[in-house]
1. Looking at the stretch 21-28, can you tell me whether even one residue there is assigned to a helix (DSSP H, G or I), more than 7 Å from the ligand (Cβ to nearest atom), touching a helix residue (DSSP H, G or I) at 6+ places or on another chain (Cβ under 7 Å) and within 15 Å of residue 189 (Cβ to Cβ)?
2. Please tell me if residue 206 is without any contact (Cβ under 8 Å) to a residue 40 or more places away in the chain, within 16 Å of the ligand (Cβ to nearest atom) and either in a helix (DSSP H, G or I) or touching a helix residue (DSSP H, G or I) at 6+ places or on another chain (Cβ under 7 Å) (or both).
3. Go through the stretch 209-232 and count every residue that is without any contact (Cβ under 8 Å) to a residue 24 or more places away in the chain and either part of a helix (DSSP H, G or I) or in contact with a strand residue (DSSP E or B) (Cβ under 8 Å, 6 or more places away or on another chain) (or both).
4. Can you name the residue in the stretch 179-202 that is part of a strand (DSSP E or B) and more than 8 Å from the ligand (Cβ to nearest atom) and is also nearest to residue 17 (Cα to Cα) among such residues?
5. Given the criteria in a helix (DSSP H, G or I) and closer than 20 Å to residue 119 by Cβ, does residue 161 qualify?
6. Please go through the stretch 29-59 and pick out each residue that is within 11 Å of the ligand (Cβ to nearest atom) and part of a loop (DSSP other than H, G, I, E, B).
7. If a residue has to be in contact (Cβ under 8 Å) with a residue 12 or more places away in the chain, within 13 Å of the ligand (Cβ to nearest atom), farther than 18 Å from residue 203 by Cα and touching a helix residue (DSSP H, G or I) at 6+ places or on another chain (Cβ under 7 Å) to count, how many in the stretch 138-151 make the cut?
8. So how many residues does the stretch 99-137 have that are closer than 22 Å to residue 209 by Cα and without any contact (Cβ under 8 Å) to a residue 24 or more places away in the chain?
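Just so you know, all these numbers are worked out from the coordinates, no wet-lab data involved. Predicted model, so just to flag it, every value in this text is computed and none were measured. Here the Cβ positions follow ideal geometry from the backbone for every residue, glycine too, while neighbour counts run over all protein chains shown.
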Ligand code: NDP
């Protein structure tokens with residue numbers, strides 16, 4: 001059987017880098033997309049360790065030209081995709097009611113919601129029938145769990161991303177493609193901080209189990225890293 005082919009966005013650090021590591025360790029082929037591949041030292045090291053199985057491509061997911069360039073270049077390094085991990089994300093912390101900057105909202109919406117939606121739509125022809133799309137979401141995007149005024153640019157964008165995931169699930173269902181909104185838990189990355197309870201290794205191992213186990217019946221669901229349903 002040919003190796004499973006994955007594309008991971010925001011692959012240069014944090015959860016994205018760990019997805020690349022674990023997918024490569026399983027013998028898979030990975031396209032790692034990040035803003036500055038030339039500066040992605042850990043990824044370039046991984047590429048050297050796995051000759052021919054890891055390709056780096058530039059991607060700013062918030063930028064239309066960059067997305068179009070990635071979609072045009074992908075077929076040169078990969079003949080299709082079995083898994084798309086929309087992992088790239090941004091969190092502008094420290095927002096207070098009365099002073100939430102418009103720029104934070106714009107950046108978060110483009111990076112966390114509309115960019116990944118448009119990228120998935122543009123990559124749809126390259127997704128194999130029966131492929132999976134994993135969108136890294138957050139409990140902070142859950143309206144049902146909202147308890148406080150917390151980082152509106154992030155929360156609004158993740159709620160919008162959740163709707164994008166549900167819509168993509170409908171759009172891709174007839175091709176047997178499974179789309180999931182996944183909460184990784186609170187994880188030790190630059191975004192999560194050193195005090196988070198989960199390591200990136202643990203979080204990605206759990207998320208890959210959830211992705212592997214998901215069937216078409218799960219498409220369009222919002223799932224925690226242990227596979228349990230989360231409220232929208
Ligand atoms: P990090 O901040 O550690 O990494 C974010 C990644 O996204 C970096 O690779 C960054 O690249 C990339 N990125 C940001 N903006 C863009 C852009 N415009 N185009 C391309 N890449 C971009 O975050 P995590 O690894 O912790 O988070 C990964 C995902 O998991 C995110 O979607 C996040 O919202 C989600 N998540 C994380 C949680 C946690 O506790 N860590 C909790 C809940 C959800 P660059 O180096 O160029 O900035």
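1. Yes, the stretch 21-28 has at least one match.
2. On the way: without any contact (Cβ under 8 Å) to a residue 40 or more places away in the chain: yes; within 16 Å of the ligand (Cβ to nearest atom): yes; either in a helix (DSSP H, G or I) or touching a helix residue (DSSP H, G or I) at 6+ places or on another chain (Cβ under 7 Å) (or both): yes.
Considered against the rule, which asks whether it is without any contact (Cβ under 8 Å) to a residue 40 or more places away in the chain, within 16 Å of the ligand (Cβ to nearest atom) and either in a helix (DSSP H, G or I) or touching a helix residue (DSSP H, G or I) at 6+ places or on another chain (Cβ under 7 Å) (or both), residue 206 comes out as yes.
3. Total satisfying the criteria: 5.
4. Filtering first and then ranking leaves 182.
5. Here the answer is yes, as residue 161 does meet what is asked.
6. If the condition is that a residue be within 11 Å of the ligand (Cβ to nearest atom) and part of a loop (DSSP other than H, G, I, E, B), then 35, 36, 40, 59 are the ones that fit.
7. Total meeting the criteria: 3.
8. 0
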